[in-house]
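Since the structure comes first, as structure tokens, the remarks are kept for the end.
The values are calculated or read from the model by the stated rules, or taken from the named source; none is laboratory data. Fair warning: this is a prediction, and the values are worked out from it, not measured in the lab. Don't worry about glycine lacking a Cβ; one is built from the backbone with ideal geometry, like all the others, and counts go over all protein chains shown. To get the accessible areas, we keep the full protein, side chains included, count just its heavy atoms, and leave off ligands, DNA and RNA. Shrake-Rupley method; radii C 1.70, N 1.55, O 1.52, S 1.80 Å.
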Amino acid sequence: MLDLFGASSFRSVTLALEIGLFETIADVDRPLTAEDLADRLDAHPDGIAVFCNFLVSEGYLEAVGDRYRLTGMTEKWLLAESETNMGPWLTYWNDLVFPFWEQELETAIREGEPSQSIYEWFDEDPDRWETAQEGFRATASLLVDDVVDSMTVPAGQSRLLDVGGGHGLYAMELCRRHPKLSATVFDYPGAIDAMEDDIPDELAGRLGTRTGDYWTDDLGEGYDMALLFNVVHAHSPAENTALFERVRDALAPGGRIVVLDQWEGSGRTPVSRAGLRFVALTYHTTLGANVYEHDEVSSWLQAAGFTGIQRQSVGPISGMAIVEATKQ
Ligand SMILES: C[S@@+](CC[C@H](N)C(=O)[O-])C[C@H]1O[C@@H](n2cnc3c(N)ncnc32)[C@H](O)[C@@H]1O
């Protein structure tokens, strides 16, 4: 029964985001009746009333007499103006990941992988890349300060390569904090097209992009640091070793690689373990890949010629940690 409530709640909250229900209440800045909301949202008052009553029971709205206002949870997590707005992440799941599950879950289970990767599917419609990058950016914005605080950045003039850097948020924050750092965000053309307008003017001279496929296209050379954030979960162990070798070749001697991901075996509670299993099923369905153990990433790094491997947990998300190592 709880699963049914969960599914209805997810569908309702993503529809509320789509029709602008929460933003409408926030803009007016006072509780609104179902009639007020129906007027503003071009909806039926009876429909809005049942919808809002359900959202009250799920904790997204509060009833004040016959009016509705936002809860603190909604203000914190689902308003565009909030620094912790996770709305784009829910929209990403609703508009892209679950439709892709519907198409590929059974194939991935029967055949061991989907018939195409979710990235190939994004390429069929540039709007999908926009929605995906907004979702990735939303989760990254929760982690970025912690991650950047935990990293050792080479002193002096240095060059950073963000492999599969997508929205570029991590590279941007690193450049902001380290004025002598310059960065290149490497990703598929669809991903770079979706982020290029977001590069702030203050960083325009130091943050560049490079489009391509990191398996076949040139990554460049002489970098002092390379990020592989939320990338290894998309590949098999053999592919990850090969990718680390490609990144090693793009680094200067003594250059550092930093890998960020969620690692299996690190969930301490039943909820966090369930979270990791959920993520593993998603990676399997969307990419034919998995959540890996920290020991596995260490062995790939060693095989690719990296030493001094160190791991540090980061952020509030279960099992998330950075693993850093140095090119021999
Ligand atoms: C899950 S997102 C992570 C984005 C960002 N690094 C982060 O941590 O938020 C993975 C990124 O890797 C990119 N990617 C996957 N395979 C790639 C490939 N073969 N070549 C270039 N980019 C790739 C995707 O386009 C996507 O932007």
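Under a 1.4 Å probe, what is the accessible area of the chain per residue, stated in Å²?
Averaged over the residues of the chain, the accessible area is 47 Å².
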Write down the radius of gyration of region 185-307 and its Dmax, each obtained from C-alpha positions, in Å.
16.1, 47
Please pull out the direction-averaged projected area of region 1-92, using the convex hull of its alpha-carbon atoms, in nm² to one decimal place.
5.8
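To the nearest µm²/s, what D does Stokes-Einstein give for the chain at 25 °C and 0.890 mPa s, using the Kirkwood radius over alpha carbon pairs as Rh?
Values: Rh = 21.4 Å.
Taking Rh from Cα pairs, D becomes 114 µm²/s.
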Kirkwood Rh, Cα Rg: Rg to Rh for region 116-177?
1.07
Using the Cα centre as the reference, give the magnitude of the dipole from point charges on the C-beta atoms of the chain (Lys, Arg: +1; Asp, Glu: -1; all else neutral), rounded to the nearest 20 debye.
1420
Sorted by accessible area (1.4 Å probe), largest first, how do GLU104, GLU75 line up?
GLU75, GLU104
Contact order relative to length of region 2-77, as percent, for alpha carbon pairs under 8 angstrom and 6 or more apart
28
Rounded to the nearest 0.05, what FRET efficiency is calculated for GLU106 and THR33 with R0 set to 45 Å and r the Cβ-Cβ distance?
0.50
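In percent, how large is the relative contact order of region 87-327, given Cα pairs closer than 8 Å and 6 or more residues apart?
20
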With r defined as the distance between the Cβ atoms of GLU245 and LEU2 and R0 fixed at 56 Å, what FRET efficiency is calculated, to the nearest 0.05?
0.75
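Ranked highest first by average number of other Cβ atoms within 10 Å, how do 313-323, 42-52 line up?
The packing order, highest mean first, is 313-323, 42-52.
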Summing -39500 (n - 2.57) over every DSSP H run of at least 4 in the chain, dividing by its residue total and rounding to the nearest 500, the 222 nm mean residue ellipticity is -15000 deg cm²/dmol
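How much length would be gained if the chain were fully extended between THR24 and GLU202, taking 0.36 nm per residue of separation minus their Cα-Cα distance, in nm to one decimal?
Taking THR24 through GLU202 to full extension adds about 60.8 nm, to one decimal.
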By per-residue mean of other Cβ atoms within 10 Å, what is the highest-first order of 203-211, 270-278?
203-211, 270-278
Expressed as a whole percentage, what fraction of the accessible surface of the chain belongs to carbon and sulfur atoms when a 1.4 Å probe is rolled over the protein heavy atoms?
48
Ordering PHE54, PHE22 by how much accessible area each has at a 1.4 Å probe, largest first, what is the list?
PHE54, PHE22
